[in-house]
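What follows draws every value from the coordinates through simple rules; no lab data is involved. What you see is a predicted model, and the numbers here were worked out from it, not measured in a lab. Quick reminder, even Gly has a Cβ in these numbers, built from the backbone with ideal geometry, and neighbours come from all protein chains shown.
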Amino acid sequence: MTEMTYRQALNETLRAELKRDENVYLIGEEIGVFEGSYKITAGLLKEFGPKRVVDTPISEEGFTGVAIGSAMLGLRPVVEIMTINFSLIAIDQIVNHAAKIRTMFGGEVSVPIVIRTPGGGGQQLAATHSQNLEVWYAHIPGLKVVAPSNPADAKALLTAAIRDDDPVLFLENLGLYNLKGDVPDGEQVGEIGTAAIAKEGTDITVVSYSRGVVTALEVAKEFAEKGVSVEVVDLRSLRPLDRNTICESVRKTSRAVIFEDDLLSYGIGAEISATIGEGAFDWLDAPVRRVAGAEVPLPYAKPLERAAMPDAADLTKVINETLAASAFKGDQNV
Amino acid sequence: MSEVVMPRLSDTMEEGELAKWLKNEGDTITKGDILAEIETDKATMDLEAFESGVLEKHLVEAGTVVPIGTPVAMIGDGSAKSEAPKKESPKKASAKKDEPQTDDEPAAEEPSVEKSPAEKSPEAEDQPEAEDPLVEKSPEAASRNQPEANAKAEPSPEPASTESADDSSRPRMSPLARKIAKDHGLDPAAITGSGPQGRVVRADVEAAIADEPSQNQPSQNQPSQNSPSASASAVNVAAPLTGKDEVVAVNRIRKVAAKRLTESQAVPHFFLTSIVSMEKLLAFRVDVNESLESQGIKVSVNDLFVRAAAVTLRQHPEANSSWGDDALVRRGNVNVGIAVATDSGLLVPVIRNADQKDLAAISRETVALAAKARDGKLSPDEMSGGTFSVSNLGMFGIDQFTAMINPPEAGILAVGATNPVPMLRDGELVEVPKLKITLTVDHRVMDGAVAAGFLRDLVENLEKPLRLIL
């Protein structure tokens, strides 16, 4: 077990996989000489050379297409798209090609490609550079979408994604890169499609993913001091979605709040809420609530940006409301 | 159109008095306006409008005490003035700080009338040519944190119900509560909800199970995991049931009545009985009904007693009072409750300001309230605020009985059956119709002599019935 940042965990995993399998290569803008906009690929060009760490022009559609084609021929590309906002330029490659080729070729070819890309706002990068578009990809059959919330999962899930024979969108978050955590040493291959109980609890379930889990855990800690036991479900994978873990948690707590970085309407929370309605209806003692981003293009101005993004205070408020809605007195489940 | 509901303003608040309307029907309302003052068990607070529009209707009169979650007003666009509120699917944006559960139920037939919060905000996106949509819209929304606009934590719409909010046939109930109630064979309608808008939640069902151990008994195979302690107490407390016993589930009315009557036991009662000669009153009734025949009104004996009680209460404010912990409260209005037997139980609708209403008005109102009572359509409003009650078992041939006080009222009049009584008049034996009335008194409010004075004047008003129309 070694303590490291999320960034280091990604960097070491890329290094380990480049070492392990010579078919693995990295491709993207400024990932080589510049070592990545967020320094995830630091030192890798020097170590593995320009055939394994490929710098490209600013051409998301082009290099994503290159990666897909090479993946069809047996390579295992790890594409870095600088932020998820720029994936829009490559969305036809991702949605219409990477996601569909295996099915449309009768299963004869697969596309073992990983698209690493950070999402999220909060860095004053303004409306076009601060989005949470993961739900767009989570909507598409043929893609897998993983969104680890901590360094250990970042390592395990990136390893699993690189070794997966299907295209995986690997969601990172600008706000997580410096997050520290213990990471198990040695090879760790995670399982794509399983959620984790990030914190056990009995009174209310908070479902989140990626950076939201960090906030949810902080809030859960505060509630614990007030005698409220919050269970935090870390989705880890948005597609496939681990519906069982979500429903099992809600069957235990009878209350659920979804905390999501994306927008409310048609968002991740809507899917989770429907899942709970279908799988845990008889166990619900209060309406399922969602805490999501304000439905505006994210403002640049810092106070406005902060106000538009869902935060711990918003989550705390809605947890309190949900407890109140079911006459929570702290003595249930005891 | 949206309902504004009585908000929960404190943790202990169960009901609030709509002390004063500050906005009248027809007034234009801007979000943030103070609609009314609400008096809770703790303080007087403002009822704020959470959306803009026109105040279509007051659903509750000033001075009325209603449970939290009860709709008190409708806000709309001003077009639906005459529409019955219950036809409208209730959407309440009246979220209060502590109580933001809002229903958002676009009417099925016209989904575009109400924009849900989520539907509203994209307008900002639809108008990219606007100078600066962010500065125009989001700062306000973000800083005020109003659910209507772009608040991050938007309230979840509750499952749409096509039924009106006050439809008691399907009480608001969380799925979990419904399941536990079903597993225990409890009638959901008999459980009082403590959640928003009276929603029954698990805690309420578990309390009900604990309260009614015998109810629990017959279904032996029920899963007990939800409430092991409740089941355990059920076994201990319940009288052993034999095969001949039958456990009958009761409705909400009976439960509420049971609670109120138990509270009534705490009131120190005493009883005074008088005999009323009905000779003049019955003749007076015939005269009155003749004159009202064209209006289709038939004044009952009970109406005469309600009116007589009201007139006498106005003469005796000390009887129109309640005990308030360490002070007496003289009630400004004379509101007389009438005990109405219905299939589902005893209900006591209230004739407000009965001292200011003539016999025809009292009769008309009583007929309407009794019909509503039998149909289960009485609003809490129509059953609250009484200052005195009249209960009549005369039609069942009961000669005399004592009624239980309906707190916080200080008195209730029990009216028996009219019987012919032989009497000597001018040396001749005549038959005079008489009946016995018994006044039950809260001794904390009135002593014997004071109550006797009230009853004496009541008898006099009944025996000199012209006073009832003065």
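The order of the peptides B:197-209, B:277-289 by mean Cβ neighbours within 10 Å, most packed first, is B:197-209, B:277-289.
The Stokes-Einstein estimate for the range B:272-328, based on a Kirkwood radius over Cα pairs and taken at 20 °C with 1.002 mPa s viscosity, is a diffusion coefficient of 156 µm²/s. On full extension, the segment bounded by residue B:328 and residue B:464 gains 45.9 nm, given 0.36 nm per residue less the C-alpha separation. Legend: ranking of residues A:321, B:263, A:225 from fewest to most surrounding C-beta atoms inside 10 Å; resulting order A:225, B:263, A:321.
Could you please tell me the mean projected area of the C-alpha convex hull for the range B:416-470, averaged over all directions and given in square nanometres to one decimal?
5.5 nm²
Sparse packing (at most 16 other Cβ atoms within 10 Å of the Cβ) combined with a DSSP loop state is found for the following GluC sites (Glu not before Pro) in the range A:117-198: A:187, A:191.
Loop-resident trypsin sites (Lys or Arg not before Pro) (DSSP state other than H, G, I, E or B) in the range A:22-131 with no more than 11 further Cβ atoms inside 10 Å of their Cβ: A:51.
When chain A is treated as a GNM with alpha-carbon contacts under 10 Å, the residue of A:316, A:194, A:83 showing the greatest mean-square fluctuation is A:316. A simple count of charges around residue A:236, restricted to other residues whose Cβ falls under 10 Å of its Cβ and scoring Lys, Arg +1 and Asp, Glu -1, yields -4. The string of couplings for the range A:53-69 from the Karplus curve (6.51, -1.76, 1.60, θ = phi - 60°) is 10, 9, 7, 10, x, 6, 7, 3, 5, x, 6, 5, x, 4, 4, 5, x Hz, one whole number per residue in order, with x for Gly and Pro.
Other protein chain C-beta atoms within 10 Å of residue C-beta, averaged over A:276-289: 5. The smallest convex shape that holds all Cα atoms of the range A:90-192, its convex hull, gives 94 Å³ per residue.
The Cα center of the range B:340-380 and the Cα center of the range A:286-324 differ in position by 48 Å.
The calculated FRET efficiency for the pair residue A:88 and residue A:221, based on their C-beta separation and a Förster distance of 45 Å, comes to about 0.75.
Suppose R0 equals 41 Å; then what is the FRET efficiency for residue B:287 and residue B:344 from their Cβ-Cβ distance, rounded to the nearest 0.05?
Values: r = 37 Å, r/R0 = 0.90.
So the FRET efficiency works out to roughly 0.65.
Pairs spanning more than 25 Å between alpha-carbon atoms, out of A:221/A:252; A:221/B:179; B:255/B:298: A:221/B:179; B:255/B:298.
Hey, how many Å between the Cα centroid of the range B:282-331 and the Cα centroid of the range A:4-73? Result: 91 Å between the Cα centres. Helix A:211-225 and the long axis of chain A differ in direction by around 30°, with both axes built from C-alpha atoms. Distance between the 7 Å Cα→Cβ label points at residue A:178 and residue A:20: 3.0 nm. Full extension of the chain between residue A:30 and residue A:313 yields a length gain of 98.2 nm, computed as 0.36 nm times the residue separation minus the alpha carbon distance. Here the translational diffusion coefficient of the range A:1-76 follows from Stokes-Einstein with Rh set to the Kirkwood radius across Cα pairs; for 20 °C and 1.002 mPa s it amounts to 167 µm²/s. Distance between the pseudo-spin-label points of residue B:248 and residue B:356 (7 Å out from Cα toward the beta carbon): 4.2 nm.
Suppose R0 equals 45 Å. What FRET efficiency, 1/(1 + (r/R0)^6) with r the Cβ-Cβ distance, do residue B:258 and residue B:426 give to the nearest 0.05?
Details: r = 52 Å, r/R0 = 1.16.
Working from the Cβ atoms, E equals 0.30.
On a per residue basis, the convex hull of the C-alpha atoms belonging to the range B:299-371 measures out at 84 Å³. The range A:136-264 has equivalent-ellipsoid semi-axes of 25, 17, 13 Å, by the square roots of 5 times the alpha carbon gyration tensor eigenvalues, sorted largest first. Of the residues A:304, A:264, A:157, which exhibits the maximal mean-square fluctuation in a Gaussian network model of chain A defined by a 10 Å Cα contact cut-off? Maximum fluctuation in the GNM of chain A, among the listed residues, is at A:304. Of B:259/B:357; A:199/A:317; B:31/B:57; A:19/A:39, which ones are farther than 26 Å apart at the Cα? Pairs exceeding the cut-off: B:259/B:357.
Tell me, in nm to one decimal, what length is gained between residue B:62 and residue B:295 on full extension, where the rule is 0.36 nm per residue of separation less the Cα-Cα distance?
Fully extending the segment from residue B:62 to residue B:295 adds 80.8 nm.
Seen from residue B:310, the other residues with C-beta closer than 14 Å to its C-beta sum to a net charge of 0, counting Lys and Arg as +1 and Asp and Glu as -1. Report summary: the helix-based calculation at 222 nm, which adds -39500 (n - 2.57) for every DSSP H run with n ≥ 4 and divides by the residues of chain A, gives -10000 deg cm²/dmol. Rounded to the nearest 5, the antiparallel percentage of DSSP beta bridges internal to chain A is 20%. Amide H contacts under 5 Å for residue B:36: B:22, B:47, restricted to partners 5 or more places along the chain or on a different chain, H placed in the peptide plane at 1.01 Å from N.
Shielding of peptide B:197-210 by partners, expressed as the average count of other chain Cβ atoms within 10 Å per residue Cβ, is 3. Going by neighbour counts of Cβ atoms within 10 Å, the residues A:197, B:180 line up, fewest first, as A:197, B:180. Put simply, the Cα atoms of the range B:317-470 extend 54, 39, 30 Å along their principal axes, the longest span coming first. Other residues lying with their Cβ under 10 Å from the Cβ of residue A:139 contribute a combined charge of -1, Lys and Arg counting +1, Asp and Glu -1. Here the label points at residue A:191 and residue B:266, each 7 Å from Cα along the C-beta direction, are separated by 5.7 nm in the simple model. Per residue of A:299-309, other chain Cβ atoms within 10 Å of the residue Cβ number 4 on average.
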